[in-house]
C-alpha cells in the first residue's frame with residue numbers, strides 16, 4: 001500500500017488481529033518510531049496504532065494480518081463455518 005507524503009492513517013485498534021508491517025520504500029512514523037526502507041514492525045492485537053509519512057515521497061508498506069488464537073475471555077466475532085471455505089471440489 002502506498003501512503004502519499006503528508007498523509008496519515010488515523011489511530012485504530014484491531015482487537016483480535018496482530019500484524020506485521022514492512023516498509024518497502026520511503027519513511028513512516030508508526031508506534032512512536034520513525035522507520036525507513038527495510039524496517040519491519042510488529043503490532044500486537046489490541047494495540048492502538050496509526051501511520052504518518054514525514055518524508056517528501058510518502059512510503060510504501062506491506063501489511064500481513066494475523067488473527068490471534070481464540071481465548072475464552074475474548075468473544076470470537078466469527079464462527080469457524082463463516083471463515084472456512086472449500087478450495088477443492090469434494091471427491092466422490
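Below, the figures for the structure above:
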| read-out | value |
| --- | --- |
| Spin-label pair residue 48/residue 63, simplified geometry with 7 Å Cα→Cβ offset, distance in nm | 1.8 nm |
| Point-to-point label distance, residue 34-residue 2, nm (Cα→Cβ direction, 7 Å offset) | 2.3 nm |
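We did not get these values from a lab; they are worked out from the coordinates using the rules stated. Because the structure is predicted, anything quoted here is derived from the model rather than measured. Cβ sites come from the backbone with ideal geometry, for glycine too, and all protein chains shown count toward neighbours.
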